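Novice: Right, I'll just put the structure down here and ask away after.
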Amino acid sequence: MLDSGRVSSPIDPLLAAYDAEAFRAQGHRLVDTIADYLGATMRGAGPVLPDVPPERTMASYDEPFPAKPSGEELVALVSRVLAQSNHLHHPRYMGHQVSAPLPMAALCDMVAAIANNGMAVYEMGPAATAMESAVVVWMAERLGLDPTKAGGILTSGGSVGNLTALLAMRQAKAGHDVWEEGAQAKLGVLVSEQAHYSVARAVRVMGWGADGIIPVPTDARFRMRADALGDALAKARARGIKVIGVISSSCGTSLGAFDPLEAIADFCEGHQLWLHVDGAHGAAAVLTAKYAELLHGCGRADSVVWDAHKMMCMPALVTAVIYRDGGHADQAFAQQAAYLFSKNVHDTGQRTLECTKRMMSLKVYATLRALGTDALGAYVERMFDMGKRLARLITERSRLELAVEPDCNIVCFRARPEGLAAPELDALQARIRRQLLDSGEFYIVQTKLPKGLFLRVTLVNPLTGDADLIQLLDRIEEHASSIASRGVGSS
Ligand SMILES: Cc1ncc(COP(=O)(O)O)c(C=O)c1O
């Protein structure tokens, strides 16, 4: 509390905001507000994505910041923010691969924010460092890597994770010290077109240009064709590119297709190439007995990326970058900052792009301890099973077309009323999606496939049920026939 006799100064409101008792009272009100929000959202009340046209939303946040305290209630502001946000806990949220976070994990994030242990050096996050190590070792073991040799770090997202692993690959495989000497050869990696765009971005960030991405064709189920790797490698070499690795997807983003890791690992071993597995979405399949097969061969990967904020119910962001040989973790950023890093192996800052980073291990560690590993495995299995059930429901309806039998919980399909040609079909899907969003009933996304535009659903919310799936398909068919009957071109 402030000294009552003190002269009022501009810093007083800030000092008052540090008061522990004020925090307690504010925190209780805030948690009550969030719990009310969660209760209603998880019951499916209200729209999934509120009607928030950008102009209106922008306008509601454009008031100038006051020089003096405004007296605006934090709880009131948070209520407004929540009301204007996409409701990922709504059972009919089925859009991008972002989880409906476990409330307890969100509370852990609050603790992480308060402790604010930056973690670059062990001293700035002793507990965070220990929990991070435990989580990474556990993940490595589940992936089939030898936990006594594997190592890695947690970082802020799959995109940063892919870049980090590719930097380690570059240092290990370029044939010279790229970190010190810069690039001396045209480097490249073999990648299927189903890979997430962050891979192509990482390649360009590293300065390899468009030539650094050597495309590998996929099969009818959009999985990388391991039998086409040799040809792609030979062609790239003929163009003077030194190919140093293969980037496989477990699974690809658009359709959730899992590449055949065992065959790809054979190829990598045969040609001394680095195997990177982008398991941002699908690595969690190893937590199930039923779907672990999709990752068969992963234990032979040199590096793996696994996003816990996708299929482990964690709030964003928390991504593991795991190396089969933990020593590679130190190669991604070979730079030494004398003022920071001693030779302490527990200084994780040497292994990530980040200097200060969040204590992101707490939420994963605490959840695994509190709920047990089986619960997360059961969650993944439930969502993958549900993806398969949705696919079956789609194939039972003659006016819907499944893009491909799904490997997991990402399902692409489109409405296909009779008599519509390709451009009209694309326009139809876009309009169906728009209507679903405008009505607030569902949140789904869309993706461009070789055959055209498809609706895309990712089932990430454990509260979604079969009734929601049936309702989704009913609504899509209704919208499709009403739009088609009025002409796709008209509004
Ligand atoms: C396969 C894959 N890799 C990487 C990413 C990027 O992850 P993040 O959004 O955490 O950066 C995604 C995102 O959807 C993905 O699907």
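Novice: With an 8 Å cut-off on Cα pairs and a minimum separation of 6 or more residues, tell me the relative contact order of the stretch 374-486 in percent.
Specialist: Dividing the mean separation by the residue count of the stretch 374-486 yields 27 percent.
Novice: For the chain, what does the relative contact order come out to in percent, with C-alpha contacts under 8 Å and a separation of six or more?
Specialist: The value is 20 percent.
Novice: Could you tell me which of the pairs LYS388/LYS448; LYS290/LYS310; LYS235/LYS310; LYS68/LYS363; LYS186/LYS235; LYS310/LYS363 are separated by over 25 angstrom between their Cα atoms in the structure shown?
Specialist: LYS235/LYS310; LYS68/LYS363
Novice: Another question, then. Stretch GLN84-ALA22 to full length: gain in nm at 0.36 nm per residue minus the Cα-Cα span? Before the final figure, lay out each step's value.
Specialist: Numbers: separation 62, 0.36 × 62 = 22.32 nm, distance 2.68 nm.
My answer for the length gained is 19.6 nm.
Novice: OK, next. With a point put 7 Å past each Cα toward its Cβ, work out how far GLU477 is from ARG56 in nm, to one decimal.
Specialist: Distance between label points: 3.2 nm.
Novice: Net charge near ILE241: determine it from the other residues with C-beta under 11 Å of the C-beta of ILE241, scoring Lys and Arg +1 and Asp and Glu -1. Numbers along the way, then the final one.
Specialist: Values: positive: LYS186, LYS235, ARG237, ARG239, LYS242; negative: ASP211.
Computed value for this residue: +4.
Novice: With all protein chains present and a 1.4 Å probe, how do ASP407, ASP51, ASP466 order by accessible area, largest first?
Specialist: So the residues, ranked largest to smallest area, are ASP51, ASP466, ASP407.
Novice: On to the next question. Where the only charges are on Cβ atoms (+1 Lys, Arg; -1 Asp, Glu), what is the dipole of the stretch 1-121 about its Cα centre, to the nearest 20 debye?
Specialist: 320
Novice: Determine how large the accessible area of TYR197 is when every protein chain is in place; take a 1.4 Å probe and give Å² rounded to the nearest 10.
Specialist: 140
Novice: With a 1.4 Å probe and all protein chains kept in place, how much accessible area does LYS451 have, in Å² rounded to the nearest 10?
Specialist: Here the residue's solvent-accessible area equals roughly 120 Å².
Novice: Just read off the accessible area of ILE241 with the full protein assembly in place, 1.4 Å probe, to the nearest 10 Å².
Specialist: 10
Novice: Let me ask you something else. Ranked highest first by the average count of other Cβ atoms within 10 Å around their residues, in what order do 318-331, 20-33 fall?
Specialist: The packing order, highest mean first, is 318-331, 20-33.
Novice: On full extension of the chain, what length is gained from ARG392 through GLU418, given 0.36 nm per residue of separation minus the C-alpha to C-alpha distance? Walk me through the intermediate numbers first.
Specialist: Working: separation 26, 0.36 × 26 = 9.36 nm, distance 2.07 nm.
Stretched fully, the ARG392-GLU418 segment lengthens by 7.3 nm.
Novice: Using the Cα centre as the reference, give the magnitude of the dipole from point charges on the C-beta atoms of the chain (Lys, Arg: +1; Asp, Glu: -1; all else neutral), rounded to the nearest 20 debye.
Specialist: Magnitude of the dipole: close to 800 debye.
Novice: Considering only SER250, ALA370, VAL286, whose Cα is most displaced toward the positive end of the charge dipole of the chain, charges sitting on Cβ of Lys, Arg (+1) and Asp, Glu (-1)?
Specialist: Comparing the listed Cα positions along the dipole, SER250 ranks first.
Novice: When only the heavy atoms of the protein chains count and the probe is 1.4 Å, how do TYR443, TYR122, TYR18 rank by accessible area, highest first? Present the calculation step by step, with values, prior to reporting the outcome.
Specialist: Working: TYR443 30, TYR122 90, TYR18 175 Å².
The most accessible residue leads, giving TYR18, TYR122, TYR443.
Novice: Near PHE384, within a Cβ-to-Cβ distance under 12 Å, what is the net charge of the other residues, with Lys and Arg +1 and Asp and Glu -1?
Specialist: Neighbour charge sum, excluding PHE384 itself: 0.
Novice: Considering only DSSP beta bridges whose two residues both sit in the stretch 374-486, what percent are antiparallel, to the nearest 5?
Specialist: Taking every DSSP beta bridge within the stretch 374-486, about 100 percent pair in antiparallel fashion.
Novice: Using a simple charge model, +1 on the beta-carbon of Lys and Arg, -1 on the beta-carbon of Asp and Glu, nothing else, what dipole does the stretch 374-486 show about its Cα centre, in debye to the nearest 20?
Specialist: 380
Novice: Using +1 at the C-beta of Lys and Arg and -1 at the C-beta of Asp and Glu, which of LEU233, PHE23, SER60 has the Cα lying farthest in the positive direction of the dipole of the chain?
Specialist: My answer, from the dipole projection, is LEU233.
Novice: Can you tell me what the convex hull of the Cα atoms of the chain projects to on average, as an area in nm²?
Specialist: 26.9
Novice: Suppose R0 equals 35 Å. What FRET efficiency, 1/(1 + (r/R0)^6) with r the Cβ-Cβ distance, do VAL31 and ASP330 give to the nearest 0.05? Intermediate results must be reported in sequence, preceding the final value.
Specialist: On the way: r = 41 Å, r/R0 = 1.17.
Efficiency, from the Cβ-Cβ distance: 0.30.
Novice: Modelling each spin label as a point 7 Å along the Cα-to-Cβ direction, I'd like the LEU15/MET110 distance in nm, to one decimal.
Specialist: Computed distance between label sites LEU15 and MET110 equals 2.7 nm.
Novice: Given a 1.4 Å probe and heavy atoms of the protein chains only, how would you sort SER198, SER79, SER8, largest accessible area at the top?
Specialist: Descending order: SER8, SER79, SER198.
The values are calculated or read from the model by the stated rules, or taken from the named source; none is laboratory data. None of the values given here were measured: they were computed from a predicted structure. Note: ideal-geometry Cβ built from the backbone for every residue, glycine included; neighbour counts use all protein chains shown. When the accessible area is computed, the model is the full protein with side chains, heavy atoms only, and any ligands, DNA or RNA have been set aside. Shrake-Rupley method; radii C 1.70, N 1.55, O 1.52, S 1.80 Å.
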